Amino acid sequence: MLNLSVRRRKKSSYSYKTSHILFSKKFIKLTGIIVCSLLSSISFYSPAGVSDAATIKDPTNDLATDSTTLIIETSSVETISANKDNSLPLLLTGQVASVNLQPFVVPKAGKAWRYQIQWMLPEGALAQAGQVVVIFDKSEIVNQIEQLEASLLRVTAQEQNQSIELSSQLLQAEFDVKKTKLELEKAQLDGEIPIDFIAAKEYADNQFELLKAKSELTKNSQSLAEIQDKRVATLEQLSIDRKRAQLELDQAMQGVEQLELRSDVSGPMLYGRDNHSDKKFAVGDSVQIGRQIATIPAMDKLEVIAWVNEVDVDKLKLHSAVNIRLDSQPAFPLSGTIADISRQASKQAAWGSSNWFKISIKFVADPQVKMIPGMSVLVESGGANI
């Protein structure tokens, strides 16, 4: 019984090893088929890759393929695939821009911090130098001008009234001083009469009137000096208030003119975009002061502005060649070079949380290609040097 049991265990172990070997062979065969399929797909893009891996054995002919060979062959496939990815050109999206660009921002006019766009030149329309291209709502600043005009009239009238009143008080004070001087002269004449020629009581009265006249003259002189000082200070303060009111009114009048933006160059009108919503500004939008709402590029000197992700910025070098294709005219490629790469990245609200670097590209114009600032372009790295 013991020998029979041992034989059964050996037979079971042998059966288990046989099935395990068959399974391993099938697995190796299947893996070899997959590797051959990968190599055949790579050969479609890289013939050199197929020649390098031509030593791989066909698993259909040899079921005893070693697992180490399969690992080496798989590494070769991954190396070929990585080389293929590094050789791909970097594609960037950008747009045509002008080197001489006039931006239009919401001006600081009046006390408001937001202004509504009342009118804008249609986008794409050609603006001439000196032409009004943007008008903001002026209702608030017009109301402010009316209040400032009323304030200026009130201050001016108050200045005139105070001037007349203070001048009258000054004349009265001067008259009182002159009158007191005359009374003092009379009292001095009476006080100089000797006591031998008049009664003692009359002499005492004359001396009292003399002292009284001197006191009145001192008091009236002090009152005159106070009125003079008061007049000068009051008129100076009213003059300051009037000048301030006039200055505020002039600033408000200038604000009305500032709410009309004029073009300094000739070129097409291009609307700006809101950084948060990525929507173009339009008539009726209320925009905070300092925000750029539109631009007019000059047509004499153009460039291409593109943005590259922080992950790919190391793949671009200054003065390296690129190819440019307009989305509207892809059949006419242009050659260009990278003129500048910004040193500091910035976030684009509509593009997610990644950082982007600004790329400036110079190119050679083609008379067959009509280019206008704002056109979308596709930039491909690795072009021919110009």
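The values are calculated or read from the model by the stated rules, or taken from the named source; none is laboratory data. Remember, it's a predicted structure, so these values are computed and weren't measured experimentally. Glycine also receives a Cβ, built like all others from the backbone with ideal geometry; neighbour counts cover every protein chain displayed.
Figures for the structure shown
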item	result
Boolean, S335 is free of Cβ contacts under 8 Å to residues at least 24 places away in the same chain, touching a Phe, Trp or Tyr at 6+ places or on another chain (Cβ under 7 Å) and of a type in the set (G, A, S)	no
Checking S376 against (1) more than 19 Å from L302 (Cβ to Cβ); (2) among the small types (G, A, S); (3) surrounded by fewer than 14 Cβ atoms within 10 Å (Cβ to Cβ), the condition it does not meet	(1)
Per-region count, segment 145-180, residues among the small types (G, A, S) and under 16 Å from E226 (Cβ atoms)	3
Residue within segment 220-227 that is among the acidic types (D, E) and in contact (Cβ under 8 Å) with a residue 12 or more places away in the chain present	no
Residue within segment 76-97 that is in contact with a Ser or Thr (Cβ under 6 Å, 6 or more places away or on another chain), at pLDDT 90 or above and buried (at least 18 other Cβ atoms within 10 Å of the Cβ) present	no
Flag if D340 is acidic (D, E), farther than 27 Å from P103 by Cα and modelled with pLDDT of 85 or more	no
Some residue of segment 147-157 being farther than 12 Å from L249 by Cβ and free of Cβ contacts under 8 Å to residues at least 60 places away in the same chain	yes
Residue that is within 21 Å of the chain's Cα centre (by Cα), of a type in the set (D, E), modelled with pLDDT under 85 and in a loop (DSSP other than H, G, I, E, B), where the choices are D278, D300	D278
Residues (basic (K, R) and surrounded by 11 or more Cβ atoms within 10 Å (Cβ to Cβ)) located in segment 338-359	K347, K358
Answer residue from segment 156-212, given it is surrounded by 14 or more Cβ atoms within 10 Å (Cβ to Cβ), among the hydroxyl-bearing types (S, T, Y) and under 25 Å from E236 (Cβ atoms) and is farthest from the chain's Cα centre (by Cα) among those	S163
Residue list for segment 116-148, restricted to those being touching a Ser or Thr at 6+ places or on another chain (Cβ under 7 Å) and surrounded by 19 or more Cβ atoms within 10 Å (Cβ to Cβ)	A127, V133
Residue check, E183 of a type in the set (D, E) and in contact with a helix residue (DSSP H, G or I) (Cβ under 6 Å, 6 or more places away or on another chain)	yes
Residue in segment 317-330 that is surrounded by 13 or more Cβ atoms within 10 Å (Cβ to Cβ) and under 30 Å from K111 (Cβ atoms) present	no
